[in-house]
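Bear in mind these aren't lab numbers, they're just calculated from the coordinates by the rules spelled out. Predicted model only: the values in this text are computed from it and were never measured. Note: ideal-geometry Cβ built from the backbone for every residue, glycine included; neighbour counts use all protein chains shown.
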Amino acid sequence: MPIQIKTERLTLRPWKRKDRSALNQMCRDPEMMQYVTGGSAMSNGQIRDFLKRQKRHLRNHQVCFFAMEHTETKQIVGLAGMQPLDPVDENTPGDFELGWWVWKEHWRNGYATEAGLALLDYARGPLSLKKVAAVITPANSASIGVAEKLGMTLECQKPANQTINTRPDWMIAYYSRGL
């Protein structure tokens, strides 16, 4: 049985082919992508690469940025999950990033916090992680609010490409929480 993380209203699960149109809609909307890509739409190739990375993370780490499905309606309302960040150096593994995107029609419904709390339990339990981090554009007050509700605190600000080397060279707020 594939990994599924359930909350009161949501099911976090691996992506399916039928989810591609919902993901395309999110990734092509400048307002949705404002804090992810600086407002640029993702290309088909970037979306395909994103989905390949999620499959690889799921296979290698039992976690990824899952599709966030509303359990009752079966509608994709966003994504939430975790992924490994780049190692700090050859002797120090990177943290795991806890992240979320909620489709703008569902903003202010508490879905990111609900998913984040379930993911913290998963990180503590089956994954046995000791710490998680969130990589947030400093102007994204909504995501900062979610991180704080999840008990995360600002650790530092640094270039995004110091978390994953393929990310742009813009400053991010690095929130973290010990488990």
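Residues with beta-carbon under 14 Å from that of ASN44, excluding ASN44: net charge, scoring Lys, Arg +1 and Asp, Glu -1?
Working: positive: ARG20, ARG28, ARG48, LYS52; negative: ASP49.
With Lys, Arg at +1 and Asp, Glu at -1, the net is +3.
Zone of ASN109 (label point 7 Å along Cα→Cβ, backbone N under 20 Å): which residues in the range 49-66?
Only 65-66 pass the distance filter.
Taking Rh as the Kirkwood radius, which is the inverse of the mean 1/r over Cα pairs, what is the Rg/Rh value for the chain?
Result for the chain is an Rg/Rh of 0.92.
Please give the net charge around ALA123, taking every other residue with its beta carbon less than 10 angstrom from that of ALA123, where Lys and Arg add +1 and Asp and Glu add -1.
+3
Considering the Cα trace of the range 10-97, what is its radius of gyration and what is Dmax, both in angstroms?
Rg then Dmax for the range 10-97, in Å: 14.0, 46.
Along Cα→Cβ, 7 Å out, is where each label goes; now give me the distance between the ones at THR166 and LYS74 in nm to one decimal.
3.2
Which pairs in the list LYS18/LYS130; LYS18/LYS149; LYS55/LYS130 are over 27 Å apart, alpha-carbon to alpha-carbon?
Values: LYS18/LYS130 35 Å; LYS18/LYS149 32 Å; LYS55/LYS130 23 Å.
From LYS18/LYS130; LYS18/LYS149; LYS55/LYS130, over 27 Å: LYS18/LYS130; LYS18/LYS149.
Report, to one decimal in Å, the Kirkwood hydrodynamic radius for the range 69-116 based on all distinct Cα pairs.
With all distinct Cα pairs of the range 69-116 included, I get 12.4 Å.
Report the net charge of residues surrounding VAL135, where surrounding means a beta-carbon distance below 10 angstrom and charges are Lys +1, Arg +1, Asp -1, Glu -1.
That sum, taken over residues with Cβ under 10 Å, equals 0.
Given a cut-off of under 8 Å on Cα pairs at least six residues apart, what relative contact order in percent is computed for the range 5-178?
18
Quick check: from the Cα gyration tensor, does the range 86-179 come out rounded (a/c under 1.5), prolate or oblate?
Working: a/c = 1.97, a/b = 1.19, b/c = 1.66.
The shape class here is oblate.
For the chain, what is the charge dipole size about the Cα centre, in debye to the nearest 20, if Lys and Arg each add +1 at the Cβ and Asp and Glu each add -1 at the Cβ?
Taking the Cα centre of the chain as origin, the dipole is about 680 debye.
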